[in-house]
1. Go through the stretch 62-99 and give me each residue that's of a type outside the set (A, V, I, L, M), outside any loop (DSSP other than H, G, I, E, B) and surrounded by fewer than 17 Cβ atoms within 10 Å (Cβ to Cβ).
2. Does any residue of the stretch 26-40 turn out to be in contact with a Lys or Arg (Cβ under 9 Å, 6 or more places away or on another chain) and at positive phi?
3. Out of all the residues in the stretch 127-147, is one or more within 30 Å of Asp25 (Cα to Cα) and either among the aromatic types (Phe, Trp, Tyr) or outside any helix (DSSP H, G or I) (or both)?
4. For Val57, indicate whether it is touching a His at 6+ places or on another chain (Cβ under 6 Å), buried (at least 19 other Cβ atoms within 10 Å of the Cβ), in contact (Cβ under 8 Å) with a residue 12 or more places away in the chain and more than 14 Å from Pro14 (Cα to Cα).
5. Which residues, counting only those in the stretch 167-211, are in contact with an Asp or Glu (Cβ under 7 Å, 6 or more places away or on another chain) and at pLDDT 75 or above?
6. Quick one: in the stretch 31-65, of everything that is hydroxyl-bearing (Ser, Thr, Tyr) and out of contact with any strand residue (DSSP E or B) (no Cβ under 8 Å at 6 or more places or on another chain), which residue is nearest to Val19 (Cα to Cα)?
7. Just to be sure I understand the filter: pairs with C-beta atoms under 7 Å, separated by 6 or more residues or on different chains, first member in the stretch 19-43 and surrounded by 11 or more Cβ atoms within 10 Å (Cβ to Cβ), second member among the aromatic types (Phe, Trp, Tyr). Which pairs pass?
Amino acid sequence: MAGDQAVPRTRITPLVREVRSVAPDTIVRNVKRLLEGESPTASIVVTHDDRPIGQVVGYELDHQLSTEFGRSLYWLRPVAYVMNDDPLVVDSDTPLEEVARAAMARHDDQLYHDIIVVGDGKLLGTVSVQQLLSAFAKAEGVLEIAGTVCHEMNQPLQIIQGYAEYALREKKGLDACAAEALQTISQEVDRITQITQRLQRITSFETRDYVPGSRIIDLHEASE
């Protein structure tokens, strides 16, 4: 990780989870029923042609309905009357850092609303603030560990390379097999050095399946 990089730029895509959606003319009574038994912060996205136009959060709907005339005013009205018509909507390719910044910049009463994620403008799902902050901290930690490992590996790699190059220059008492082995060692050390240099420059990464139940950083998809 480069010295001036403070945070990773991993994309939001892996955090997206499915969310229920309704049309804007769905009556409030039916939306309330969909939210029954869910967490107070659970949300439903209001869509038109699969594109998000609003959001209803459980505890906010409960508050609106609990006012003196709330139920009589809204119970049989379209959900468009009670939805938040300006939720945070981000594209699936948006870096984690940008999403976190936008989420934390929202007004206090929307600070913990789920973030709506779209692809080509159409609803893909949502990401909770808790998920977002947890993934952000994890990604930042991964890059810090990678930078530390690279730093610790550099000196022994340089020593190995130095001895291999010295032995190849001298070549006294070396048979063909030993010389070939030293040449291979020198080439592989160069390869490892290139990998560590690339790791230190990473600002964004994705993971891929490695073995069942385990994932690793995909260096080919990493961004510098």
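The values are calculated or read from the model by the stated rules, or taken from the named source; none is laboratory data. Note that the structure is a prediction, hence the values are computed from the model and not measured. Neighbour counts run over all protein chains shown; Cβ positions are idealised from the backbone, glycine included.
1. As a first pass, look at the stretch 62-99 and keep what is of a type outside the set (A, V, I, L, M): 62-64, 66-72, 74-75, 77-78, 81, 84-87, 91-95, 97-98.
This time we only want the ones that are outside any loop (DSSP other than H, G, I, E, B), so: 62-64, 66, 70-72, 74, 78, 81, 84, 91, 95, 97-98.
If the condition is that a residue be of a type outside the set (A, V, I, L, M), outside any loop (DSSP other than H, G, I, E, B) and surrounded by fewer than 17 Cβ atoms within 10 Å (Cβ to Cβ), then Asp62, His63, Gln64, Ser66, Gly70, Arg71, Ser72, Tyr81, Asn84, Asp91, Glu98 are the ones that fit.
2. Looking for residues that are in contact with a Lys or Arg (Cβ under 9 Å, 6 or more places away or on another chain) and at positive phi, one finds none in the stretch 26-40, hence no.
3. Here is the first cut: in the stretch 127-147, the ones within 30 Å of Asp25 (Cα to Cα) are 127-129.
Next, only the ones that are either among the aromatic types (Phe, Trp, Tyr) or outside any helix (DSSP H, G or I) (or both) stay: 127-128.
Within the stretch 127-147, one or more residues are within 30 Å of Asp25 (Cα to Cα) and either among the aromatic types (Phe, Trp, Tyr) or outside any helix (DSSP H, G or I) (or both).
4. On the way: touching a His at 6+ places or on another chain (Cβ under 6 Å): yes; buried (at least 19 other Cβ atoms within 10 Å of the Cβ): yes; in contact (Cβ under 8 Å) with a residue 12 or more places away in the chain: yes; more than 14 Å from Pro14 (Cα to Cα): yes.
Yes; evaluated as a whole, the condition is true for this residue.
5. Across the stretch 167-211, the qualifying residue is only Ser186.
6. Residues of the stretch 31-65 that are hydroxyl-bearing (Ser, Thr, Tyr), as a first pass: 39, 41, 43, 47, 59.
So of that shortlist, the ones also out of contact with any strand residue (DSSP E or B) (no Cβ under 8 Å at 6 or more places or on another chain) come out as 39, 59.
On the way: Ser39: 13, Tyr59: 17 Å.
Out of the qualifying residues, it is Ser39.
7. Val28/Tyr74; Val28/Trp75; Arg29/Trp75; Pro40/Tyr59; Thr41/Tyr59; Thr41/Tyr112
Table: residues versus (1) touching a residue at least 40 places away in the same chain (Cβ under 8 Å); (2) over 23 Å from the mean Cα position of the chain (by Cα).
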residue: Asp85; (1), (2): no, yes
residue: Val90; (1), (2): yes, no
residue: Glu97; (1), (2): yes, no
residue: Ala100; (1), (2): no, no
